[in-house]
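A quick write-up on the structure given underneath.
All of the numbers you see were taken from the coordinates with simple rules; none came from a lab. A quick note: this is a predicted structure, and the numbers were derived from the prediction, not measured. Cβ atoms come from the backbone with ideal geometry, glycine included; neighbour counts cover every protein chain shown.
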Amino acid sequence: MIGLLGDKKTNLVHHLDNLKKECKISEMKITDRQYFTPDTLENAKSKNFSPCERCILKQ
């Protein structure tokens, strides 16, 4: 499992193993959290989420 978490408010997807304090996911409301199945960046992008520039390397 990769460990991605999307923020429905910002449409950003974060990598949970590489979080930076600037990602501020601790402030994300539970109702704004989006999990992905399958847990891949391609799946997140297909759902209109953009990779967080802080915790996901450019792809």
* **Qualifying positions in region 12-41 - under 13 Å from Glu53 (Cβ atoms) and among the polar types (S, T, N, Q)** => Asn18
* **Top-ranked residue of region 1-11 - restricted to ones that are in contact (Cβ under 8 Å) with a residue 12 or more places away in the chain and in a loop (DSSP other than H, G, I, E, B), ranked as nearest to Cys52 (Cα to Cα)** => Asn11
* Give the residues of region 23-59 that are surrounded by fewer than 10 Cβ atoms within 10 Å (Cβ to Cβ) and of a type in the set (S, T, N, Q), sorted by residue number. => Ser26, Thr31, Thr37, Asn48, Gln59
* **Count of residues meeting criterion [outside any helix (DSSP H, G or I) and touching a residue at least 12 places away in the same chain (Cβ under 8 Å)] in region 30-59** => 16
